[in-house]
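Q: Got a structure here, written out as structure tokens. Questions coming.
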Amino acid sequence: MKFLHTADWHVGKKLNGFDLLAEQHDAFLKINQLAKDYKVDAVVVAGDLYDRSVPSEEAVEELNKDLIQMNLKEGWPLLAVSGNHDSAVRLATGGDWFKATNFFMHTTVAQAIEEPVTLGDTQFFLLPFFGLQEVRNYFGDPEIRDLKTAMARIVTKMEEEFDPDRAHVLVAHVLVAHFFAAGSSHTDSETQTEVGGLDAVPVDLMAPFDYVALGHLHNKNALQAPRVKYAGSPLKFSASEVNLDKGVWIVDTQPFNLQWVPLEPLHDLVKLTGSFDELATVEYASHYQEDDFFVIELTDTAPIPDLMNKLRHYYPKIIALSRVNKAADQSDLAAPAQDLENKDPLALLSDFYHQVTGEELSDNQRQWAKDALLAAQKEEEG
């Protein structure tokens, strides 16, 4: 059995306010082509298909097209789990119908344990992101108080489901899961999850499996274990990922072989370091695509008026701007304290929102903020 392991698509995600749907569609097309090139027997997606539990219509449309292409048009069995960014209930819609085309979308602990998927010589257990209460309810045991205990119970129960009748043909048992494994490191774009006061699953608990296909962390090197791997995200989702290698794993179960295949982004995330005079020239900027995303570190110490707008003339998609050396006066990045004190609160909120997201407040957001401010003022006067 040869399969492609990918994860953390986060369809619909924005990078500091910049839309990524074109980049995400391009990444999908490249993943699809790799599945063809390597003649895989199945595709595994280890959670966080969407970036939000209630995704936009555009994100739903994109993911639907991608899954239809892989499963219905290319004909690959598709094995997926819900991640912490997904709505398990929404992803589960149509799950019983999906099975008719070998599309297995598991969103509950019960499914993960009771409905392993056997393809060829490999048995897959699809474990979605879960909370402790779901595990307590499944086992009827309120004494399950931490993630380690929960995972130990789950894995033991899964081992009981290892198919004894097919022992002569089965050569591998694979766990597909979405969580933070002990010993892993994480980047800024990941939402750390704490369950029961602990935030990591001990790697040794997964020893019964021949391979563990993980999602949740966006760096393939976040965990150094021979057969427990994060696929990482197919795109760079934060400034902290600027130097990360993005791609997919190609896994062969017999004989066991693991190969990392990188993905070339449609528009890269690039880090530039230099003085304003060095960077703010047509000649320097011509070395990069205008639609690339940029993390800029300035070596200047003097204040530069209207700095961000001046730099965006050359690099429109700046997602982060910082200084290598702290400036004596940060007026290029923030308004003087006196101006802030005299500024209308709604204007301050609007400026902050734009600085963080690159977008303007919508009419609804302005109204919500206005209502909240009035309520706060009445309470203060009250």
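The values are calculated or read from the model by the stated rules, or taken from the named source; none is laboratory data. It should be emphasised that the depicted structure is a prediction, and the values quoted were computed from it without experimental measurement. Cβ coordinates were reconstructed from backbone atoms using ideal geometry, including for glycine residues, and neighbour counts include every protein chain displayed. The area values use the complete protein model at the heavy-atom level, side chains included, leaving out ligands, DNA and RNA. Shrake-Rupley method; radii C 1.70, N 1.55, O 1.52, S 1.80 Å.
Q: Can you go through Val212, Val270 and tell me which one is among the hydrophobic types (A, V, I, L, M, F, W, C), closer than 24 Å to Glu23 by Cα and not in a loop (DSSP other than H, G, I, E, B)?
A: Numbers: Val212 fails: closer than 24 Å to Glu23 by Cα.
Selected residue: Val270, the only one of Val212, Val270 that is among the hydrophobic types (A, V, I, L, M, F, W, C), closer than 24 Å to Glu23 by Cα and not in a loop (DSSP other than H, G, I, E, B).
Q: Which residue, of Thr107, Thr122, is surrounded by 14 or more Cβ atoms within 10 Å (Cβ to Cβ) and over 19 Å from Met206 (Cβ atoms)?
A: Details: Thr122 fails: over 19 Å from Met206 (Cβ atoms).
On inspection, the qualifying residue turns out to be Thr107.
Q: Please work out if Asn102 is open to solvent by 40 Å² or more (accessible area, probe 1.4 Å), out of contact with any helix residue (DSSP H, G or I) (no Cβ under 8 Å at 6 or more places or on another chain) and polar (S, T, N, Q). Break it down into steps so the answer makes sense when it comes.
A: Values: open to solvent by 40 Å² or more (accessible area, probe 1.4 Å): yes; out of contact with any helix residue (DSSP H, G or I) (no Cβ under 8 Å at 6 or more places or on another chain): no; polar (S, T, N, Q): yes.
When the stated conditions are applied, Asn102 does not pass them.
Q: Further question on the same structure: Give just the number: which of (1) of a type outside the set (A, V, I, L, M); (2) buried (at least 19 other Cβ atoms within 10 Å of the Cβ); (3) within 24 Å of Ala150 (Cα to Cα); (4) at pLDDT 95 or above does Asp210 not satisfy?
A: (2)
Q: I'd like to verify a number: residues in the stretch 298-346 that are surrounded by fewer than 17 Cβ atoms within 10 Å (Cβ to Cβ) and at pLDDT below 75, how many?
A: So the answer is 18.
Q: Right, another one. For residues that are in contact with a Ser or Thr (Cβ under 9 Å, 6 or more places away or on another chain) and either open to solvent by 20 Å² or more (accessible area, probe 1.4 Å) or of a type in the set (A, V, I, L, M, F, W, C) (or both), scanning just the stretch 267-279, find the one that is nearest to Phe237 (Cα to Cα). Break it down stepwise before answering.
A: First, pick out the residues of the stretch 267-279 that are in contact with a Ser or Thr (Cβ under 9 Å, 6 or more places away or on another chain): 269, 273-276, 278-279.
Right, trim to either open to solvent by 20 Å² or more (accessible area, probe 1.4 Å) or of a type in the set (A, V, I, L, M, F, W, C) (or both) and you get 269, 273, 275-276, 278-279.
Details: Leu269: 9, Thr273: 20, Ser275: 26, Phe276: 25, Glu278: 27, Leu279: 23 Å.
If we take residues in the stretch 267-279 being in contact with a Ser or Thr (Cβ under 9 Å, 6 or more places away or on another chain) and either open to solvent by 20 Å² or more (accessible area, probe 1.4 Å) or of a type in the set (A, V, I, L, M, F, W, C) (or both), then Leu269 is nearest to Phe237 (Cα to Cα).
Q: Which of the residues that make up the stretch 135-152 are under 24 Å from Val44 (Cα atoms) and either without any contact (Cβ under 8 Å) to a residue 24 or more places away in the chain or surrounded by fewer than 16 Cβ atoms within 10 Å (Cβ to Cβ) (or both)?
A: Ala152
Q: For Lys39, only one of the following conditions fails: (1) in a loop (DSSP other than H, G, I, E, B); (2) over 16 Å from the mean Cα position of the chain (by Cα); (3) buried (at least 22 other Cβ atoms within 10 Å of the Cβ). What is its number?
A: Result: Lys39 passes all but (3).
Q: From (1) modelled with pLDDT of 90 or more; (2) farther than 30 Å from Leu244 by Cβ, pick out the condition that doesn't hold for Val176.
A: Going through the list (1) modelled with pLDDT of 90 or more; (2) farther than 30 Å from Leu244 by Cβ, Val176 breaks only (2).
Q: Shifting gears a bit: Identify, from the list Gln24, Gln69, Gln33, the residue that is buried (at least 19 other Cβ atoms within 10 Å of the Cβ) and closer than 26 Å to Asp245 by Cβ. Spell out the reasoning first.
A: Numbers: Gln69 fails: buried (at least 19 other Cβ atoms within 10 Å of the Cβ); Gln33 fails: buried (at least 19 other Cβ atoms within 10 Å of the Cβ).
Of Gln24, Gln69, Gln33, the one residue that is buried (at least 19 other Cβ atoms within 10 Å of the Cβ) and closer than 26 Å to Asp245 by Cβ is Gln24.
Q: Name the residues in the stretch 347-379 that are among the hydrophobic types (A, V, I, L, M, F, W, C), within 23 Å of Asn309 (Cα to Cα) and either open to solvent by less than 90 Å² (accessible area, probe 1.4 Å) or at pLDDT 75 or above (or both), would you?
A: Residues of the stretch 347-379 that are among the hydrophobic types (A, V, I, L, M, F, W, C), as a first pass: 347-349, 352, 356, 361, 368-369, 372-376.
From what's left, within 23 Å of Asn309 (Cα to Cα): 347-349, 352, 356, 361.
Listed by number, the residues that qualify are Ala347, Leu348, Leu349, Val356, Leu361.
Q: Do any helices (runs of 4 or more DSSP H) lying entirely in the stretch 47-146 carry at least 2 residues that are within 18 Å of the chain's Cα centre (by Cα) and at negative phi, and which ones are they?
A: Details: elements: 57-67, 88-92, 95-98, 109-114, 132-139.
Passing ranges, in order: 57-67, 88-92.
Q: Something else: Which one of these is of a type outside the set (A, V, I, L, M, F, W, C) and in contact (Cβ under 8 Å) with a residue 60 or more places away in the chain: Pro305, Pro265? Show your work before the answer.
A: Values: Pro305 fails: in contact (Cβ under 8 Å) with a residue 60 or more places away in the chain.
Just one listed residue meets the conditions, Pro265.
Q: Name the residues in the stretch 280-297 that are under 21 Å from Ser240 (Cα atoms) and open to solvent by less than 20 Å² (accessible area, probe 1.4 Å), would you?
A: If the condition is that a residue be under 21 Å from Ser240 (Cα atoms) and open to solvent by less than 20 Å² (accessible area, probe 1.4 Å), then Asp292, Phe293, Phe294, Val295, Ile296 are the ones that fit.
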